[in-house]
Amino acid sequence: MIIFGIDPGTAVTGFGVIEARNNAVAQVDWGVITTRPDAPLAERLLVIYDGIEGYIARYKPERVAIEQAFYAKNVHTTLLLGHARGVLMLAAAKAGADIAEYSPRAIKKAITGNGGAEKSQVEYMIRMILSLGTTRKPSDAFDALGVAVCDFYHSGLRSLTLAAGKAAS
């Protein structure tokens with residue numbers, strides 16, 4: 001199963017593609033889509049949409065997991081993030097993928113065991129889980145892989161829970 005993780009942003013959107021097979025995961029691709037900070041919002045959203053749509057078309061994920069918006073002190077920033085999340089979800093929906101959303105806290109807890117973990121701790125654990133060594137990438141790319149791995153853990157737990165429920169019936 002291919003799982004596509006997204007760390008949304010209007011300046012930098014991280015993406016991470018993993019393959020889940022035999023109860024293990026491996027990275028397929030990961031990186032960032034960047035926009036020009038001086039570009040109008042509509043143009044930035046188009047760049048994000050086109051970029052993600054291209055990667056989704058390439059990898060054809062069954063699932064797309066996206067980080068939920070955190071409520072920043074700056075309302076304007078939160079609204080901009082909402083716009084980016086909207087176009088990202090649209091791209092996933094148009095591709096027919098199942099979409100899951102996870103809070104930053106849930107992602108950190110799934111990856112590190114601590115919902116209050118620092119970004120560096122998430123990156124370290126993603127490096128270990130996916131055997132990435134010392135590969136250099138922007139933190140948004142690691143965050144996106146974290147979203148994908150979080151979905152793998154959560155969707156696997158759902159499957160186990162469903163199987164256990166059916167067995168009990």
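A few comments on the model shown:
- Considering (1) of a type in the set (Val, Ile, Thr); (2) touching a Pro at 6+ places or on another chain (Cβ under 8 Å); (3) part of a helix (DSSP H, G or I), the lone condition that THR78 does not fulfil carries the number (2).
- Complete set of residues in the stretch 126-145 that are touching a Gly at 6+ places or on another chain (Cβ under 8 Å) and over 19 Å from THR34 (Cα atoms): ILE126, ARG127
- Criterion: touching a helix residue (DSSP H, G or I) at 6+ places or on another chain (Cβ under 7 Å), crowded, with 16+ Cβ neighbours inside 10 Å, touching a residue at least 12 places away in the same chain (Cβ under 8 Å) and not in a helix (DSSP H, G or I) - qualifying residue of ALA100, ALA117, ALA110: ALA100
- Residue within the stretch 5-21 that is over 22 Å from GLU101 (Cα atoms) and over 17 Å from the mean Cα position of the chain (by Cα) present: no
- Test: residue in the stretch 83-92 that is in contact with a Lys or Arg (Cβ under 7 Å, 6 or more places away or on another chain) and outside any strand (DSSP E or B): no
- Residue in the stretch 132-169 that is modelled with the lowest pLDDT, counting only those that are outside any helix (DSSP H, G or I) and surrounded by 11 or more Cβ atoms within 10 Å (Cβ to Cβ): THR135
The values are calculated or read from the model by the stated rules, or taken from the named source; none is laboratory data. All values derive from a computational prediction rather than experimental measurement. Every residue, glycine as well, gets a Cβ built from its backbone with ideal geometry; the counts of neighbours run over all protein chains shown.
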